[in-house]
Amino acid sequence: MYERNVKWIEETVAQQNEWRCNTLNLIASENVMSIRARRVLGSDFAHRYAEGHPGERYYQGTDKIDEIESWVKQQLKTLFSCQHMEVRPISGTVANDAVFSRYIKPGDVVMVNSTAGGGHISHHKSGSVGKYTKNIVDFPLTPDGYHIDCEATYALVKKLHPKVLIFGKSLFLFPEPIKDLVKICNDNETTIIYDAAHVLGLIAGKQFQDPLGEGAAIVTASTHKTFFGSQRGIIMSNMDKKEWWKIDKGAFPGSSSNHHLDTLVSLAVTTCEIIAFAEEYSKQTISNAKTLGRSLSEFGFNVQAKEFDFTESHQVAVDVSELGGGNEVARILKENDIILNMNLLPFEPLERVTNPSGIRIGVQEMTRFGMKAEEMERIAELIKKCLKESCSVDNEVRELRKDFQKVHYSFDE
Ligand code: DSN
């Protein structure tokens, strides 16, 4: 009986693989790995434990992972120009928790991007930050909704003396104003933490702000969005060694025991690809996002932040309230094999989270499959046909994807 279940599981996985090869995936938090990064998954390392640091483990048999872990840490330190690099968190949220657990105490005031302003769930009261304090204050936004209002934030920092500012978000169109706020933060002994989950690959490619260089004390990130690797998290900093020790302990044993060695090995492969190709990939990704934003706008969609050329990242946001709202639009697109997510837009009440006004579109995965401006215009046209002309476009999606199956920006043959 259970062998039948195993067959069913295998078939379901095969169906997922086959289906996803023929869709346009525009989920902004995802990406695909190269064949060579995937090939090292499921190796013997998938069975093993390696608590502690290379050379100082609590288990025997870790020589090989010690070599790879030490190597990847050094490569990432050089890539991001930092003294400290933590590669053991098994996701971006675990990386955040490792840091927040050491920096935020009951009663501390923490400033974050609101959920409607794009903030990540781990920054909020129901996520990691909320485990440590209830005093969570949202950054005030400029009227366009996609930028932090620096003057108003400056005044709040002076008044509230927050312990921590958390920059970075999930709906992340433009860089954060670290440079404008670093002085007031230093004067108030406020620590700047920057969550680079969405934009890590763009930072690696030097096409987005450099948060550490601009004054963030700590950067956390996941490694599978614009940094197109396995699903893990990292933490980096240039703080002094004694302070960093707190984060080290936050990562292990604070938020993990073993750290899933085969995905780290895979991340080492991706790190080579990022070092070689991130600049080219990031330029193309941002250019593709702008092209998609412009094309959708020309087709009459209410693409957000038009006055700022729509985006400086891999994402665009569209207000689709006049087309039935984000939930309905995302469902219709999914039926046509165009996959994206509904999203709250700035200033919307939280109660609308299950039927918000917006959709969020990310072009990083289709860029990795080699798509450029022409394909972005075609995607905009397919979205228009689907949503404005009620046409079925799944065959056209399949036709478009046919020529974009190879993972680019990699050493795959
Ligand atoms: N919730 C994810 C996103 O979609 O941005 C990140 O964890």
Under 9 Å between Cβ atoms, which residue pairs at least 6 apart in sequence (or on different chains) link something in region 198-213 that is without any contact (Cβ under 8 Å) to a residue 60 or more places away in the chain and assigned to a helix (DSSP H, G or I) with a partner that is basic (K, R) and buried (at least 24 other Cβ atoms within 10 Å of the Cβ)?
L200/K225
The residue from V129, V87 that alone is under 20 Å from the mean Cα position of the chain (by Cα) and within 16 Å of the ligand (Cβ to nearest atom) is V129
Taking the conditions exactly as written (in contact with a helix residue (DSSP H, G or I) (Cβ under 8 Å, 6 or more places away or on another chain), part of a helix (DSSP H, G or I) and of a type in the set (G, A, S)), does A98 satisfy them or not?
yes
So, first residue within 24 Å of E389 (Cβ to Cβ) in region 332-354, second residue among the polar types (S, T, N, Q) and in a loop (DSSP other than H, G, I, E, B), Cβ within less than 6 Å, six or more apart or across chains; the pairs are D337/T23; I339/T23
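Given the criteria under 25 Å from I148 (Cα atoms), hydrophobic (A, V, I, L, M, F, W, C) and touching a strand residue (DSSP E or B) at 6+ places or on another chain (Cβ under 7 Å), does V329 qualify? Steps first, answer last, please.
Details: under 25 Å from I148 (Cα atoms): no; hydrophobic (A, V, I, L, M, F, W, C): yes; touching a strand residue (DSSP E or B) at 6+ places or on another chain (Cβ under 7 Å): yes.
So V329 does not fit the description; no.
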Of the candidates F100, F80, the one satisfying the condition of being under 19 Å from V199 (Cβ atoms) and crowded, with 21+ Cβ neighbours inside 10 Å is F80
Check off (1) among the aromatic types (F, W, Y); (2) more than 24 Å from E56 (Cβ to Cβ); (3) surrounded by fewer than 21 Cβ atoms within 10 Å (Cβ to Cβ) for F301 and give me the number that stays unchecked.
(3)
Condition met for N5 (surrounded by fewer than 16 Cβ atoms within 10 Å (Cβ to Cβ) and not in a strand (DSSP E or B)):
yes
Identity of the residue in region 169-219, of a type in the set (G, A, S) and more than 16 Å from the ligand (Cβ to nearest atom), that ends up farthest from D240 (Cα to Cα)
G205
Criterion first (assigned to a loop (DSSP other than H, G, I, E, B), surrounded by 17 or more Cβ atoms within 10 Å (Cβ to Cβ) and out of contact with any Ser or Thr (no Cβ under 7 Å at 6 or more places or on another chain)) does T271 satisfy it?
no
So if I check each of C391, C386, which one is of a type outside the set (D, E, K, R) and without any contact (Cβ under 8 Å) to a residue 24 or more places away in the chain?
C391
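Looking only at region 220-247, which residues are among the hydrophobic types (A, V, I, L, M, F, W, C), more than 16 Å from the ligand (Cβ to nearest atom) and part of a strand (DSSP E or B)?
Listed by number, the list holds a single entry, M236.
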Just to be sure I understand, how many residues within region 96-119 are within 14 Å of the ligand (Cβ to nearest atom) and under 24 Å from I184 (Cα atoms)?
5
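Laboratory data are not the source of any read-out in this text; all were calculated from the coordinates shown. For clarity, every value in this text was computed on a predicted model and none was experimentally measured. Reconstructed Cβ throughout: ideal geometry from the backbone, glycine too, with neighbour counts over all protein chains shown.
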